[in-house]
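One structure is given here, and the rest of the page talks about it.
What follows draws every value from the coordinates through simple rules; no lab data is involved. Note that the structure is a prediction, hence the values are computed from the model and not measured. Don't worry about glycine lacking a Cβ; one is built from the backbone with ideal geometry, like all the others, and counts go over all protein chains shown.
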Amino acid sequence: MSPNLRIAFRFLTAKKRAMLMSLSCTVLGVGLFIVTQATTSGFEEFFVNTLLGTDGAIRIEDRKQSTMQSMEAAGGSGAHILQREGVKYIEGVEEPQLIKDAVRNFANVRGVSAVLRGNVQVTSSFKSDDAQIFGIKLDEHRLVSELERKITTPGGLGKFLESTSSVLVGRVLADRLQLRVNDTISVNARGESRRYNVAGIYESGSRDIDKTRIYLDLGEARSLLRRPTGVTFVQISLHEPNRAREDAVHMEDVLGHSVRPWQEREKEWLSVFRALRVSSAITVTVFTLIASLAMFNTLAMIVLEKTKDIAILRSMGYERRDITQIFLWQAAIVLAIGALLGGLFGAVVTWGVSRVPLPINTLFKTQTFIVSWSAWHYVQAISTAVVMVMIASLVPARRAARLEPGDIVRGTAQ
Amino acid sequence: MRTLVSAPSMVSAGEFALRCTGLQRYLGEGEGRVHVLKGVSFEARRGQVYAIVGPSGCGKSTLLYLLGLLDQPDGGAIEINGQPMSNSDDVARTAARGAHIGFVFQFHFLMLEFTALENVMMPMRKLGRLAPAAMEARARSLLEAVGLGAKTHRLGTQLSGGEQQRVAVARALANQPSIILADEPTGNLDVKNSALVFDLLTNLAKDNGQAVILVTHNPEIAQRCDVTRPMRDGLFV
C-alpha cells in the first residue's frame, strides 16, 4: 500500500461519522441513479421490443415518384416558375419479390416478409367487429416478428400451418368476439364473406394490435381482398435494430420506395420516453450532487482538523502533490465503497421494483413494473458519481496542499 | 556552557551541515508588518548541539523554520550540506527536508491515528531508501533506543506526553538526517522527561554525527549544549 493511501485510509477511518455520511450519500446517489434509469428505460425498452417483435425494424411501404418540374414563363422573359421539388407516392409495393431480393443484400437485414393488409368485418356467433387482415407467408414472417412466441393458446402455430383457411386472432379481439381456438368466424371483405377457423390466439403486448389484427395466409388474403399482385408493405427485421435509420436511408435511395424505420414510425411515443429519461436524469444528477456536496463537506472538515498533520507530513518531506493525493484518495476510497454498495443497493431495489404489481393494458400489456437490467446504467451511475465527487474533492484537497507548513507550526507554537 | 564563535574561513565547508548568511524575514502585512529577522548568519557543524535562546518574539522559532525550509526568507542565503536552498522551489525544499532534516516540535506533533511504529516509519516510507522490512527494523531499533520498545504498537493517543515526545525524537532520526531542528522540545514536559528527551536527542545525534539546533527557554538545557547563541530583536547578540 502506498504511504499516501495508507494515510488517507487512517484519516478517513478516524472520522467515522462524517465518512459514513458521505458514504451513505454516495450509496444513495449511485443506487437511486441505477433504479431511476432501470425503471425509466424498462418501459421504453419493453415498448420498443413489443414494436420490433410485431411490426419489425423497418417497413417499406409506398413507391416513390419524382415530381420535380420546372416551367419557363411564356414570352422568354427570362423569369422561371419553379414548382417545389417534391415526392409523390404510389400506394403499396408493386413488385414485392424484387424488393425482397434487393433488401436481402443489406448486411444488417435478418429477415424480410411481404404483408398484404386490408380492412374487414369479422363476425362470430356472439357479435361482429371491425378488424384488419394481415396476409403473410408464415415462414417469412417468423423471421421478422415474434408471432410464434406470442401465441398463448395450446398448439402454437401448428394449426395455422395445416390449413390456409385458418387465422390467428389477437387476444383483445378474441375476447370481444368471445372466440376460442377451433371456433369459426366469418370474415367479410368487399361484399364477400368467407369462413375461417381460429387456429390460435396471440398476445403481442400492444392492445392496439391485439384488438384489430388477424393473421391469414398471404395467398388466401390475396383472394379475399382481391389483390392478386403486390403487397401493402414489406416488413424487415435487422440484426442491429438501432441502425434502422441509417439502413432506411440507404434502402430508400436504392429501392425508390418510402422506407420507415421504427424510430420514425413511433417517434411520438419515443419522444415521450426521451422526455421522461431527461427528467429522470436531472433528478438523479441531483442525488449525485448531494453525494458530492457531502464528500466536499467531509473533506473540508478533515482539512480543517488535520492542518497539524499536514504540517508534520510536509516537514517530513511529503510534497504538496502528496497532500493532494491523500485527500483525493479519501474521496476515492469513499467512491469505491460507495459505488460497490450503491450498485448492490440499486440492483436490489431494481429487483424489488420489478416485483411491484402494476397491471397496464393500454399502450402495452404488463402485470408488473417493468425494469431494464443494463450494465450501462451502472457504468453511468458510477461515472457520474466519480466525476462529481472527485471535482467536489479537488477544492479541499488543493486547499490542503496550499497550506504552508511554516504558518501552521508558527500558529500552533504561538 | 560553551560558546562557539563561528569562523567559517577556518573550517572546511564539508564540516557544516547547515549555514545561513544575512537572513531577513518580515511577518504580517500592512501596518502590522514586523521585521523579525534582521540579517542573521549562522553555521552548524556535524556532531555539535546548538541552543538558540532569547526572549519570546526575538525571532528564534522564525529562524528555526527558515533553517528547516518550512518557510522562505525575504533575504539572505541558506545552504544545507553545501547546497544553496534559499531560492529553490517547493519541491526541492521538500525533498531536502525529507532527506537532510529531522524536526522535533514542542507539541509532539505525532499523528494520533497511527501507532508509534507507524509514526517513526512515516518519513522512511516517503523517502523510500529502505525496503519495508528494513524500515520496520530501523523504526523498532529507534523506539528501543528511546525506551519505547514495548510500546511500538500503541497509538499516539495511548502514550503520555513524554512518551509522545520520545517517539517524535525517534521519528526525527528516522531518515538519518544530517540536521535535527527542535523547537522547544522539552517545553511541554516535566523536569524528569525534559532531561530524558534532551539526553536522547543529543546522544543519538552525536553518535550519528548530526548537527542539533534547538530553540529553548530552559537555561539548564541551554547550558548542556555545545554552543549557545542568544538572540534579541532579530539578531544574534
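Things worth noting here:
- Placing a label point 7 Å from the Cα of B:ASP233 along the Cα-to-Cβ line, the residues of region B:19-33 whose backbone N sits under 20 Å from it are B:22-28, B:32-33.
- Calculated on the alpha-carbon coordinates, the convex hull of region A:109-238 measures out at 94 cubic angstrom per residue.
- Using R0 = 41 Å, the C-beta based FRET efficiency linking B:ALA137 and B:SER56 works out to 0.50.
- Taking the Cα centre of chain A as origin and assigning +1 to Lys and Arg Cβ atoms and -1 to Asp and Glu Cβ atoms, the resulting dipole is close to 1540 debye.
- When region A:109-238 is described by a simple charge dipole with +1 on each Lys and Arg Cβ and -1 on each Asp and Glu Cβ, the residue from A:LEU161, A:SER113, A:GLY191 located farthest towards its positive end is A:GLY191.
- In this structure, the amide hydrogen of A:PHE134, modeled 1.01 Å from its nitrogen in the peptide plane, lies closer than 5 angstrom to those of A:ILE214, A:TYR215, A:LEU216, counting only residues at least 5 positions away or on a different chain.
- Residues B:TYR65, B:TYR26, B:TYR50, A:TYR89 arranged by fewest to most Cβ contacts within 10 Å: A:TYR89, B:TYR26, B:TYR50, B:TYR65
- Aspartates and glutamates whose Cα lies under 18 Å from that of B:LYS151, excluding same-chain neighbours fewer than 8 positions away: B:GLU113, B:GLU118, B:GLU136, B:GLU163
- Dipole of the protein assembly as shown, positive end: most advanced residue of A:MET19, A:ALA397, B:GLY76 [Cβ charges, Cα centre]: A:MET19
- Within the listed set A:TYR196, A:TYR215, A:TYR318, the Gaussian network model of chain A (springs between alpha-carbon atoms below 10 Å) gives the highest mean-square fluctuation for A:TYR318.
- With both labels modelled 7 Å from their Cα along Cα-to-Cβ, the A:TRP351 to B:GLN223 distance reads 7.8 nm.
- q = 0.24, 0.25, 0.28 Å⁻¹: log10 I(q)/I(0) that the Debye formula gives for region A:309-377, counting C-alpha atoms only: -1.01, -1.04, -1.13
- Per DSSP, loop trypsin sites (Lys or Arg not before Pro) in region A:189-276 with at most 16 further Cβ within 10 Å: A:ARG190, A:ARG226
- With semi-axes defined as the square roots of five times the eigenvalues of the C-alpha gyration tensor, the equivalent ellipsoid of region A:203-263 measures 26, 19, 9 Å, largest first.
- Relative contact order (%) - criterion: Cα under 8 Å, at least six apart; region: chain A: 28
- Violating pairs (Cα-Cα greater than 25 angstrom) within the set B:LYS38/B:LYS126; A:LYS16/A:LYS308; A:LYS88/A:LYS211; A:LYS306/B:LYS126; A:LYS64/A:LYS267: B:LYS38/B:LYS126; A:LYS88/A:LYS211
- Cβ crowding within 10 Å, taken as a proxy for footprinting-reagent exposure, orders B:ARG97, A:ARG149 from fewest neighbours to most as A:ARG149, B:ARG97.
- In order through region A:265-273: 3J(HN,Hα) via Karplus (6.51 cos²θ - 1.76 cosθ + 1.60), integer Hz, x for Gly, Pro: 4, 10, 5, 5, 5, 5, 5, 5, 5
- In order along region B:20-27, phi translates into HN-Hα couplings of 9, 9, x, 5, 10, 8, 10, 10 Hz, rounded to whole numbers, per the Karplus curve 6.51 cos²θ - 1.76 cosθ + 1.60 with θ = phi - 60° and x for Gly and Pro.
- Other residues whose C-beta falls under 14 angstrom from the C-beta of A:LEU23 contribute a net charge of +3, scoring Lys and Arg +1 and Asp and Glu -1.
- Estimated distance in nm for a label pair at B:THR157 and A:LEU143, the labels positioned 7 Å out from Cα along Cα-to-Cβ: 7.3
- Taking B:ARG93, B:ARG171, B:ARG125 as the candidate residues, the one with maximal mean-square fluctuation in a Gaussian network model of chain B, Cα springs under 10 Å, is B:ARG125.
- Residues of region A:338-381 with an amide N closer than 16 Å to a point placed 7 Å from the Cα of A:ARG277 along the Cα-to-Cβ direction: A:371-381.
- A:LEU293 versus B:ASN188: modelled label distance in nm, points set 7 Å from Cα along the beta carbon direction: 3.8
- Using the Cβ-Cβ distance between A:TRP269 and A:ARG17 with R0 set to 60 Å, the FRET efficiency from 1/(1 + (r/R0)^6) comes to roughly 0.80.
- Within the straight-line cut-off of under 24 Å between alpha carbons, the lysines reachable from B:LYS206 are B:LYS60, B:LYS192, sequence neighbours fewer than 8 places apart in one chain being disregarded.
- Net lengthening on full extension, A:VAL286/A:SER163 (0.36 nm per residue, minus Cα-Cα): 38.3 nm
- Of the residues A:ILE209, A:ILE60, A:ILE337, the one that moves most in a GNM of chain A with alpha-carbon contacts below 10 Å is A:ILE337.
- Cα-based Rg / Dmax (Å) for chain A: 32.2, 107
- Local charge for B:GLY22 was computed over the other residues whose Cβ lies under 12 Å away, with Lys and Arg +1 and Asp and Glu -1, and equals +2.
- Computed from backbone phi with θ = phi - 60° and the Karplus coefficients 6.51, -1.76 and 1.60, the 3J(HN,Hα) list for region A:383-390 is 4, 4, 5, 4, 4, 5, 5, 5 Hz; x is used for glycine and proline.
- Entry note, chain B: relative contact order of 32 percent, from Cα contacts under 8 Å with a spacing of 6+ residues.
- Note that chain B carries a Kirkwood radius of 18.1 Å, evaluated over its alpha carbons pair by pair.
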